[in-house]
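The structure under discussion appears below in the form of structure tokens.
The values are calculated or read from the model by the stated rules, or taken from the named source; none is laboratory data. Here the structure is a predicted model, which is why all the values come from computation and not from measurement. With ideal geometry, Cβ positions are generated from the backbone for all residues, glycine too; neighbour counts draw on all protein chains shown. Just the protein is used for accessible areas: all its heavy atoms, side chains included, with ligands, DNA and RNA removed. Shrake-Rupley method; radii C 1.70, N 1.55, O 1.52, S 1.80 Å.
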Amino acid sequence: MKQHIVVLTGAGISAESGIKTFRDADGLWEGHDVMEVATPEGFKKNPELVLDFYNQRRRQLQTVLPNQAHLDLAALEKTYNVTIVTQNVDDLHERAGSSAIVHLHGELRKARSTGNPEAITPWDQDLHLGDLCKQGYQLRPHIVWFGEDVPKIEAAIEICQTADILVIIGTSMQVYPAAGLLDYTPKNTPIYYIDPKPASVPNKAVTLIQKSATEGTKVLLDLLKDKV
């Protein structure tokens, strides 16, 4: 039976594909206060601004490609059972060929009903006021905004509880509830942490790979050869 690798990924893995990381040093996201474009209150106050903001993100996503780190993680499926739990809303893991992905914070290429959170639909074009679900409610980006529950966190916890190996790539592990997933891995689970500037090293035995995602996954593949 294949060992189970759980990979937690964040903005750092997609940055090398050209996707802007979530917030710049000044706290702005593409020139916007995140409270204006990534909260239910912001959407209620100015829905057109929020829809346009995500339309731009969606358009940008269509201009980029998975990078070597995404491809390396997909290649791990040849020898391991791999589950990716990502904070990213892009589809680069899917396009790279990974088959088991949990999106904690939603997906940019989907929309959902404002009246029925379970009514989720694929969405690749721009989203406008007046675009309605089948029940007649306005559609919104399928994104978990600040102040909203993270519906997939329980599934992610269960996945982490079955990890034989944990890999963390491109995330500071500072944003909760995602940051708490580390605590659910079995005791003595080997942890590999790939980040050029790790914010903090978890309090467990961890192999720190202080490199970018694309350079770090090369090192990871070499280290995992000895584990198979």
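Just a few scattered comments:
- Within region 138-153, being part of a loop (DSSP other than H, G, I, E, B) and in contact with a His (Cβ under 8 Å, 6 or more places away or on another chain) holds for Val144, Val150, Lys152.
- Residue within region 149-164 that is open to solvent by 70 Å² or more (accessible area, probe 1.4 Å), under 18 Å from the mean Cα position of the chain (by Cα), within 20 Å of Ser14 (Cα to Cα) and touching a residue at least 12 places away in the same chain (Cβ under 8 Å) present: no
- Set Leu129, Leu181, Leu139: member being hydrophobic (A, V, I, L, M, F, W, C) and open to solvent by 40 Å² or more (accessible area, probe 1.4 Å): Leu129
- Restricting attention to region 42-79, the residues that are of a type in the set (S, T, N, Q), closer than 18 Å to Gly18 by Cα and surrounded by 15 or more Cβ atoms within 10 Å (Cβ to Cβ) add up to 4.
- Only one entry of Ala156, Ala163, Ala199, Ala179 meets the criterion of being aliphatic (A, V, I, L, M), closer than 30 Å to Phe53 by Cα and assigned to a loop (DSSP other than H, G, I, E, B), and that entry is Ala199.
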